[in-house]
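Peer 1: Before I ask anything, here is the structure I am working with.
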Amino acid sequence: GENVEQHPSTLSVQEGDSAVIKCTYSDSASNYFPWYKQELGKGPQLIIDIRSNVGEKKDQRIAVTLNKTAKHFSLHITETQPEDSAVYFCAASGQEYGNKLVFGAGTILRVKS
Amino acid sequence: GAVVSQHPSWVICKSGTSVKIECRSLDFQATTMFWYRQFPKQSLMLMATSNEGSKATYEQGVEKDKFLINHASLTLSTLTVTSAHPEDSSFYICSARDRGWGEQFFGPGTRLTVL
């Protein structure tokens with residue numbers, strides 16, 4: 001089955017700096033890659049996603065890149081702000097597994113002001 | 001955007017009792033809903049997939065007789081934890097998939113504490 005690895009497990013950045021979180025997946029049939037932000041005691045919130053027919057997608061300060069050949073995708077947050085502090089999860093899914101999401105282990109992002 | 005609600009947000013119960021958690025998609029119809037479990041500082045673990053009008057599909061290792069799932073309509077799925085024990089204490093999160101695009105939108109979660 002699909003396996004998703006996420007790095008780093010924790011990331012501390014200074015306010016205004018950029019943050020990058022990377023994920024790799026194992027199944028080349030996966031075709032949908034969302035990123036979720038989870039604040040303490042809350043459910044995950046979809047922040048951006050990308051499908052396998054696209055290499056990059058951007059939404060204001062957030063961008064996601066996908067390298068299908070290498071089977072990895074990354075989340076880029078620019079001009080980080082204290083409110084970006086949260087746990088971020090990547091996930092992958094494909095029709096082969098009923099479009100179920102397989103999550104990475106998560107990254108704790110701390111933005112220091 | 002798509003909104004998914006859960007009720008209750010937290011519940012405390014005694015060992016041996018049953019607890020029902022509701023998951024509703026408020027502004028879209030969800031043919032598929034998912035139930036996850038999350039332990040502290042861990043990732044989300046899929047428990048089961050729920051399709052409207054049919055039996056839920058459980059992931060390996062999840063007891064279907066303990067975690068009863070009902071998806072009676074396109075906007076409501078329920079998870080009942082039967083004969084709850086302290087080891088069932090966890091954060092339970094549902095998600096609903098938008099029929100059109102396939103994105104999953106998550107509810108706010110339910111914190112279950114079994115004494």
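Peer 1: Could you line up A:Leu46, B:Leu112, B:Leu26 from fewest to most neighbouring Cβ atoms inside 10 Å?
Peer 2: Fewest to most other Cβ atoms nearby, the residues stand as B:Leu26, A:Leu46, B:Leu112.
Peer 1: I'd like the per residue volume of the convex hull spanned by the Cα atoms of the protein assembly as shown, given in cubic angstrom.
Peer 2: 119
Peer 1: Can you give the relative contact order of chain A as a percent, counting alpha carbon pairs under 8 Å and 6+ residues apart?
Peer 2: After rounding, I find 37 percent.
Peer 1: Then there is this: Within region B:1-84, how many lysine pairs that are 8 or more places apart, or on different chains, have C-alpha atoms less than 19 Å apart?
Peer 2: Eligible lysine pairs with Cα atoms under 19 Å apart amount to 6.
Peer 1: Which aspartates and glutamates have a Cα less than 20 Å from the Cα of A:Lys22, not counting those fewer than 8 places away in the same chain?
Peer 2: Partners found: A:Glu2, A:Glu5, A:Glu39, A:Asp49, A:Glu56, A:Asp59, A:Glu79, A:Asp84.
Peer 1: So how strong a dipole does the protein assembly as shown carry about its Cα centre when Lys and Arg Cβ are +1 and Asp and Glu Cβ are -1, to the nearest 20 debye?
Peer 2: Values: 23 positive and 23 negative charges, 43 e Å.
Value, rounded to 20: 200 debye.
Peer 1: Just to be sure I understand: if I project the alpha-carbon convex hull of region B:1-98 onto a plane and average over all orientations, what area do I get in nm²?
Peer 2: The orientation-averaged projected area of the Cα hull of region B:1-98 comes to 6.3 nm².
Peer 1: Taking Cβ-Cβ under 4.7 Å as the only way to count a partner, pick out the unpartnered cysteines of chain B.
Peer 2: B:Cys13
Peer 1: How about region A:1-108: which GluC sites (Glu not before Pro) there lie in a loop by DSSP and see at most 13 other Cβ atoms within 10 Å?
Peer 2: A:Glu15, A:Glu39, A:Glu79
Peer 1: Next up: Per the Debye formula with a single identical scatterer at each Cα and no solvent contribution, what log10 I(q)/I(0) holds for region A:51-113 at q = 0.15, 0.25 Å⁻¹?
Peer 2: Debye curve over Cα of region A:51-113, log10 I(q)/I(0) at q = 0.15, 0.25 Å⁻¹: -0.57, -1.20.
Peer 1: For chain A, what is Rg from Cα atoms divided by 2.2 N^0.38 Å, rounded to two decimals? Please list the in-between numbers first.
Peer 2: Numbers: Rg = 13.5 Å, N = 113, 2.2 N^0.38 = 13.3 Å.
Output field value: 1.02.
Peer 1: Would you list A:Lys37, B:Lys14, A:Lys42 from fewest to most Cβ contacts within 10 Å?
Peer 2: Ranked by crowding around the Cβ, least crowded first: B:Lys14, A:Lys42, A:Lys37.
Peer 1: Let me know the charge dipole size of chain A about its Cα centre in debye, to the nearest 20, where only the beta-carbon of Lys, Arg (+1) and Asp, Glu (-1) is charged.
Peer 2: That gives a dipole near 100 debye.
Peer 1: Using 0.36 nm times the number of residues separating B:Thr82 and B:Lys41, minus their current alpha carbon distance, what extension gain do you get?
Peer 2: So the chain would gain 12.2 nm between B:Thr82 and B:Lys41.
Peer 1: Binning at 10 angstrom from zero up to the longest distance, how are the C-alpha pair distances of region B:69-111 distributed in percent?
Peer 2: With a bin width of 10 Å, the distribution comes to 23, 47, 24, 6.
Peer 1: If you take the square roots of the eigenvalues of the alpha-carbon gyration tensor of region B:1-51 and sort them as a ≥ b ≥ c, do you get rounded (a/c under 1.5), prolate (a/b over b/c) or oblate? Each step should come with its number before you reach the end.
Peer 2: On the way: a/c = 1.85, a/b = 1.46, b/c = 1.27.
Prolate shape, in that a/c is at least 1.5 and a/b is the bigger ratio.
Peer 1: Using Cβ contacts closer than 10 Å as the measure, can you line up B:Thr17, B:Thr32, B:Thr57 from fewest to most?
Peer 2: Lowest count first: B:Thr17, B:Thr57, B:Thr32.
Quick note: the coordinates plus some simple rules give every number you see, no bench work behind them. All values derive from a computational prediction rather than experimental measurement. Counting neighbours? That spans all protein chains shown, and the Cβs are built from the backbone with ideal geometry, glycine included.
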